[in-house]
Every structure is written in structure tokens, then in C-alpha cells.
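Coordinate-derived values only; no laboratory data. A quick note: this is a predicted structure, and the numbers were derived from the prediction, not measured. Methodologically, a virtual Cβ is constructed for each residue, glycine included, from the backbone with ideal geometry; neighbour enumeration extends over all protein chains shown.
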Amino acid sequence: MARVVLGVAGSIAAYKSAELVRLFTKAGIEVTVVMTRAATEFITPLTLATLSNRPVTVEQFGPPVGPTAGWELSDSSGGAVLRVAESDRPMESATVVGGEGPRSASGIEHIRATREADLIVVAPATANLLGKVANGICDDALSTTLLASTVPVLFCPAMNTRMWEHPAVRANVRQLMERGAQFVDPGTGELACGEYGAGRMAEPEEILGAVRRLLSGVRRGRLLVTAGGTEEPIDPVRCISNRSSGKMGFAVAEAGRDLGYDVTVIHAATSTPPPSGVTLLPVRTAEEMGNALHHLHADFDLLVMAAAVADYRPRRAHAVKLPSGEASMRVDLVPNPDLLASLRGQREGKLTVGFALEWGGTPRERVARARRKLQEKGCDLIALNNPLESDSQFGGDTNRITLLYADGRTRELGLLSKYDAARALLDGLPAPRPIAPVLSLVPTTAGAKPKTKPSTKNPRRTATPRRSGPSANPQKPPRGGSRKKAPR
Ligand code: CTP
């Protein structure tokens, strides 16, 4: 079982720690909480102790606080056993016996917890806490835990926008990253102080995704996904489009995120909310999607073309709204370029996945047509949708996909949720890059260099699992689309 120490600092976002503990526990991760005193103003230790089913450390020299009845904790290294009397008082009543004989409960539990932890997650991490750890100050249980530990650390900051953008905080974040700390940067939105901007702690699901990645030690590279249906304008208010909901593309993005990919989604019109923790690039037309693809493609290891690109567009997009009331109207259509096929020559060392929607004929004929498409478009894999089944419709939550690989293999996935189908699709592909080591905040050898330095060339490759702060500008947006993060 993976073990995580959850550090909770004093921010209003501390209320999300309860959900985080619940998610960790549900995911089979043992979680031990260490809080600052300020954090207890926002959430009680007892709440987190109850949810984690483990004692919570607040005081550096005091006893931990825990659920009150029937505790029995083993210290595997020291042989100590902590027993708590059946009472409704917190752990002041604890006695520790065994190993070196009776001693205070203080120190034992959180030192054991950090010694045996696979990862320390600090959520929320305040400006104060980041500053202390960056500068080697340890004046409470949490900062001491962080400085005394050699396990990897993931910080999830939460603070006011101006604090997050303050040069002092930026310098501390940079310093921590240079020592190997990982960050899930705060999202942008309305903050507790009433202002709007970056500073809101990432959502617990996103933090869990980053934790999973770090625990598995896998960062599988960069995934570019297209989603939704392109809209081809007739005039400023009318367009030709299709019924794609974007659900399948977003499911691929979500599954990719959970598998450890750094995900960017170029999406046209969709009718479903995008996943969090991925970079979103909205476009409207096939031409805009093509521009975005050509601009970004070189930076990615894997492309999944789940978008329904309109095969035709009006020859002419009228600049003003056309008057209604005509007896008939003629719209001249011209073919759009095949975006997938157009990238054919630029795919060396990259994996490309296409989707196919085949209508009519026998299942065998549909597979044969999809195989032809795989070859013509030069894909490594094509996912054949089955739109004739009622459980595999546009906009639905389930799908029946047949995976056709370039090496001739075929795999029927059967009825699955779109997310599970996306997981299976990605799981069936080779990992595009070697497994990177998880980094440690404190080098194990004094003076040792961090194993990986954040690259200055490409901010996407910094130690930050997802984003790298307010100054990050991974790629300039293509014409017609502005880059934005998924709303939180
Ligand atoms: N595609 C593309 N550019 C287009 C059309 C499609 O890149 N102009 C991509 C789609 O995103 C999909 C794959 O090509 O991954 C298959 O699409 P397509 O050839 O349009 O096939 P179907 O939609 O399956 O069917 P049809 O050929 O009948 O349009």
C-alpha cells in the first residue's frame, strides 16, 4: 500500500483537505496528516484523523490527535506500539510502550510516517510554508517534517493572486523546484478574498492524479488530443457542423492525464465540460484546428485525433449575416484538408491515433474500411466507433470501440464508459518515453545536484507536473484560438 503524508497549512483551501484524504483513502493510499496550527483554524485535526483513520500531528512536541477508541499503531522500525485508552479525549491519554520503553507519543508517529512515506503532499501550501521550506526554517511540525525528510514532495499552493505572483514567492518556488520539488500550480478563478486570478488550490481530483503519477514514477510524455466538432461558417451567425459532443476526446485527455501524460487538447465545439488539469486550446474551424496542429505537433509524443473534423466548408464565409426569406439558398461547399493525413511526413518517433466512424455494410466491411483509413492516414492505431449500437451514440457516456493496430492486430473493447475505453486505448500503446525518476526535495547526499533540472528551453518540461507558474507560456496560441486552462 502506498503511503502519503499530507501536510496541511493554514489557508481557507484547507477545507479541501478532507476531500483529499477521502480520495487518497478510497484510492488505497494510506494517508497520515501533519497540520500547522493555523490550519486547525480552518479544519479540525479530528476531522482529518477520522477520515484518514490515523492520528494527526499538529504540535512539534505534543501528542498527535486521533480517533479516540481502540487505536493500536505499530512502529515497525522501533518495535513501539502505541495504544490509546478508550476515551473520548484526544491522544493526550496515549502511552507508548515497547522498543525503547515508555515515551511520549510525540515524534514517533510523524517521524515514522515520514520515514515510511512514499511521498509528502502539501495541500494547501501557503506562501509562508513555501518560504520556510525554501529557506530551511523549521519552526513547527509540518516544516520540520519537510526538512527532515528525503522523500519526494508535491506542493499544491493556495494563496492570493498577488502573493502567488510576488517575486519572493516566485523565487521560493523556483528554488524548491531546483531542489526537485514538484508542484501542482493553483488554478485561476474567484478567490476566497473576493478577487479573481491565479491562486486557487487545484481540485482534489487533480492532486490525486499528480500523486498517482508520482507514486508510479511514470511521466509518460506529451499527449496532444483533438476533440469536438469543427464549425464551418456560412456567415457570422450560421455554420455547418456535426453532432460530436467532444466526450470521447475529453475522455482521452482525462485518461492521459491520469496515466501521467502532459496533455493539451485542441477542441472545437463541444457540449460537455472539459477535464481539469489539461491545457485547453479552443478553435472553431478545421482550418484553425489544422493551424494549431501544425504549430504544436512537433512538441508532442502522441497525437489522438478524436475531433470530428468537418469534411467540407462553405467556399465563402459571408462577412455579414445573410438575410432570410429567400425561397432557397445555395451554399457551395469545398473539401477541407485531411488534417491527420497532412501530418503524415512529420511523425517520426511519434505515435498517431485516429478515429473512424463507419456506417453501413457488415462489421467485417466496416473493419476493412477502417483499416484502409489507418493506412491512408498513416496511423499507428485507429479506433473504430460503432454508431449503429444504441449504447455508442454521439453524446453518450459509453462506447463500443474496436482497436485496429498498424501491425494487423485487432482488439474489440466491448461496451465501456468512454473514460475506460480511452484508458484501454492508451494502455495498448507503447510508452513514448522512458520512465523518469521521482525527484526528492532534499538531495540524499549533501551537496548532490538534483537529478533533473527544470529546463529553461521548454517550460512544459519543468519539474512541475502540470504548470509552472504565472510566467509560463508554453506555446503561443495559434490564430483564432486563445490558450486557456480548464476551469476549476
Ligand atoms: N480527420 C482529419 N481531417 C479531416 C477529416 C477527418 O484529421 N478533414 C480525422 C478524424 O479526426 C479521425 C479520422 O481522420 O481521426 C477519420 O476521419 P474521417 O476520414 O472523416 O472518417 P470518418 O469520420 O470515419 O468517415 P468519413 O470518411 O465517412 O468521413
(request) Provide the packing ranking of 48-55, 370-377, i.e. peptides ordered by the mean count of other C-beta atoms within 10 Å per residue, highest first. (result) 48-55, 370-377
(request) List the residues whose amide H sits under 5 Å from the amide H of THR285, counting only those 5 or more places along or on another chain, with H placed 1.01 Å from N in the peptide plane. (result) GLU231
(message) Run through region 169-198 and list the GluC sites (Glu not before Pro) located in a DSSP loop whose Cβ has at most 14 other Cβ atoms within 10 Å.
(response) GLU195
(request) Read phi for every residue in region 338-345 and hand back ³J(HN,Hα) as whole Hz from Karplus 6.51 cos²θ - 1.76 cosθ + 1.60, θ = phi - 60°, with x for Gly and Pro. (result) 7, 5, 4, 5, 5, 8, 3, x
(request) Please order VAL8, VAL320, VAL121 by the number of other Cβ within 10 Å, starting at the fewest. (result) VAL320, VAL121, VAL8
(request) Apply 1/(1 + (r/R0)^6) to the Cβ-Cβ distance of HIS294 and PHE61, taking R0 = 51 Å, and write down the FRET efficiency to the nearest 0.05. (result) 0.25
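Please give the contour-minus-distance gain from ALA341 to GLU205: 0.36 nm per residue of separation, less the Cα-Cα distance, rounded to one decimal in nm. Before the final figure, lay out the partial values.
On the way: separation 136, 0.36 × 136 = 48.96 nm, distance 3.57 nm.
Net length gain for the segment: 45.4 nm.
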(request) Tabulate in residue order the Karplus-calculated ³J(HN,Hα) for region 348-356, using 6.51 cos²θ - 1.76 cosθ + 1.60 with θ = phi - 60°, rounded to whole Hz; enter x for Gly and Pro. (result) 4, x, 10, 9, 10, 10, x, 10, 9
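Size of the dipole of region 221-427 about the Cα centre, Lys and Arg at +1 and Asp and Glu at -1 on the beta carbon, nothing else charged, in debye to 20?
Charge dipole of region 221-427: 380 debye, to the nearest 20.
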(request) Starting from the amide H of THR279, placed 1.01 Å from N in the peptide plane, find each other amide H under 5 Å away whose residue is 5 or more places distant or on another chain. (result) VAL263, THR264, VAL265
(message) Net charge around GLY194, counting only other residues with Cβ within less than 14 Å of its Cβ (Lys, Arg = +1; Asp, Glu = -1)?
(response) 0
